[in-house]
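For reference, the structure discussed in these notes is given below.
The values are calculated or read from the model by the stated rules, or taken from the named source; none is laboratory data. This one's a predicted model, so the numbers in the text were calculated from it and none came from an experiment. Heads up, the Cβs are rebuilt from the backbone with ideal geometry, glycines too, and the neighbour counts pull from every protein chain shown. With ligands, DNA and RNA removed, areas are computed over all heavy atoms of the protein, side chains included. Shrake-Rupley method; radii C 1.70, N 1.55, O 1.52, S 1.80 Å.
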Amino acid sequence: MRPLSDFPLEARREMRGLFCDIDDTLTSGGRLIAAAYSALERLQRAGLMVVPVTGRPAGWCDHIARMWPVSAVVGENGAFYFRYDPVRREMQRRFADDDATRAIHRERLRALGEEIVRAVPGTAVAADQRYRETDLAIDYCEDVPALPREAVDRIVAIMEQHGLTAKVSSIHVNGWFGAYDKLTMARVLMREAFGVDLDRARAAYVFVGDSPNDAPLFMHFPYAVGVANIRDFDGQVPHPPAYVTGQRGGSGFHEVIECLLAARAMESPVK
């Protein structure tokens, strides 16, 4: 991973938008700091698209899509996107699975959550589980004392034994039935809502993240950035980002926005 200062100036000027994780990318110590939130507003005012891509639940994402300065939000690790139209006062909710399938999966996930908590001491079903539509979140360090990597690996193994896709974030292990991920739904969002082919246009967007469940996006975007705390997962991110900030969490995110907006404010060289 190269320092953020190596991000090419001309590429920074040409960016059309930004995708970002939330926990420990926008937040610091579990809180959304003012510098990170104001950075979102500044990006939107500058005309850049802003899309959080998070493992957080549908209930939270409804709030984010309505009230944050964002263009849309992808939630539950790619299970859906929500996009709010303030003119029509209408929320567009697009899920990977239909209502009946999600209902069946929720019951199976509830039972599996109980099994994991019994099998891996110190874990808990995440406090935000009641607001989820599609996945199971097991807390290993958000509201419980931080567990060792061996315990996290055990959670992943149990989920995979039951046929789930399992991903590790900075606070939870998330598991779901299906092959989608954050990148899959980001592609759907951009195609359906904005008419953008995210494969062809990937060099025109930045992604900022911090943990192993961001790996598909780190791999996809040539100008992906990790906030400094991604180094906490050395050896666990199969496709690390191209660049890394000097600061952690929301302060690192603020660095990225300063980097982008400063480049846009500079005059292009005379050709």
- prompt: So is LEU217 under 17 Å from the mean Cα position of the chain (by Cα) and not small (Gly, Ala, Ser) or not?
  reply: yes
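Yes/no per residue for (1) of a type in the set (D, E, K, R); (2) within 18 Å of the chain's Cα centre (by Cα):
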{"position": "ARG93", "(1), (2)": "yes, yes"}
{"position": "ALA100", "(1), (2)": "no, no"}
{"position": "ARG118", "(1), (2)": "yes, no"}
{"position": "ALA151", "(1), (2)": "no, no"}
{"position": "ILE155", "(1), (2)": "no, no"}
{"position": "ALA166", "(1), (2)": "no, yes"}
query: Out of all the residues in region 173-180, is one or more touching a Leu at 6+ places or on another chain (Cβ under 9 Å), at negative phi, in a loop (DSSP other than H, G, I, E, B) and among the β-branched types (Val, Ile, Thr)?
result: no
field: Residue count, region 210-230 (criterion: open to solvent by less than 10 Å² (accessible area, probe 1.4 Å) and assigned to a loop (DSSP other than H, G, I, E, B))
entry: 5
- prompt: ARG118: modelled with pLDDT under 95, open to solvent by 60 Å² or more (accessible area, probe 1.4 Å) and either farther than 21 Å from ASP181 by Cα or not in a strand (DSSP E or B) (or both), yes or no?
  reply: no
message: I need the full set of residues from region 22-43 which are out of contact with any Ser or Thr (no Cβ under 6 Å at 6 or more places or on another chain), surrounded by 19 or more Cβ atoms within 10 Å (Cβ to Cβ) and in a loop (DSSP other than H, G, I, E, B), in order please.
response: THR25, LEU26
- request: Select from region 153-196 the residues that are under 12 Å from ASN213 (Cβ atoms) and among the aliphatic types (A, V, I, L, M) and list them in ascending order.
  value: VAL156, ALA166, VAL168, ILE171, VAL173, LEU183
message: Of the residues PHE207, PHE253, only one is among the aromatic types (Phe, Trp, Tyr), part of a helix (DSSP H, G or I) and buried (at least 24 other Cβ atoms within 10 Å of the Cβ); which?
response: PHE253
query: Among the residues of region 82-115 satisfying the criterion of being aliphatic (A, V, I, L, M) and not in a loop (DSSP other than H, G, I, E, B), which is nearest to VAL53 (Cα to Cα)?
result: MET91
